[in-house]
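To keep things clear, I will list the structure first and then write my remarks on it.
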Amino acid sequence: MTKESYMERLKKLNPAKAVQIGRKHFSEKAYVEKVRKYGGRIGTKIVYYSLVLYYAFQNPNTPKKAKLTIAGALGYLILPTDVIPDFLPAIGFTDDSAVIIYALYQVLSQIDEPVKQQARERMVKIFGEGAEEIELPAPPK
């Protein structure tokens, strides 16, 4: 895939539609396996954001509408066929990252401190004690 076709495909990515498509592909087992296998290639910030979404999904206080958005985003992350194939070096997770960030902004107001702490603890398990401390963006006003 050329850089130009990659940029064209990325411009055509509709995160809301990707979330909708991803819902039917989400499973906790497949998500955990994807993070375990590709965590280093995905990048620490996107892994942290996806973990925040994952733990928010598990939280009984998270509203159902937010859980549907989360399931779609995490489902897209584990979807074997993406807009940009994951196996491409350096660019393979760009579309996944866009979908994760989109979903995070959609549910940011539903994220509580215990969810953030669970995600931080998992980051340490994945990347070790030296895992950088990542903050979530401020909720939209």
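The values are calculated or read from the model by the stated rules, or taken from the named source; none is laboratory data. The model shown is predicted, which means the values in this text are computed figures rather than measured ones. Don't worry about glycine lacking a Cβ; one is built from the backbone with ideal geometry, like all the others, and counts go over all protein chains shown. Areas reflect the complete protein model, heavy atoms only, side chains present, ligands, DNA and RNA absent. Shrake-Rupley method; radii C 1.70, N 1.55, O 1.52, S 1.80 Å.
Report the residue count in the range 60-81 for those that are open to solvent by 20 Å² or more (accessible area, probe 1.4 Å) and outside any helix (DSSP H, G or I).
Qualifying residue count for the region: 5.
Determine the pairs where a residue that is over 8 Å from residue 78 (Cβ atoms) and open to solvent by 70 Å² or more (accessible area, probe 1.4 Å), located within the range 18-39, has a partner that is among the basic types (Lys, Arg) and part of a helix (DSSP H, G or I) with Cβ atoms under 7 Å apart, the partner being 6 or more residues away or on another chain.
Taking only residues 6 or more apart or on different chains, not a single pair turns up.
So, in the range 47-78, exactly how many residues are without any contact (Cβ under 8 Å) to a residue 40 or more places away in the chain and touching a His at 6+ places or on another chain (Cβ under 6 Å)?
0
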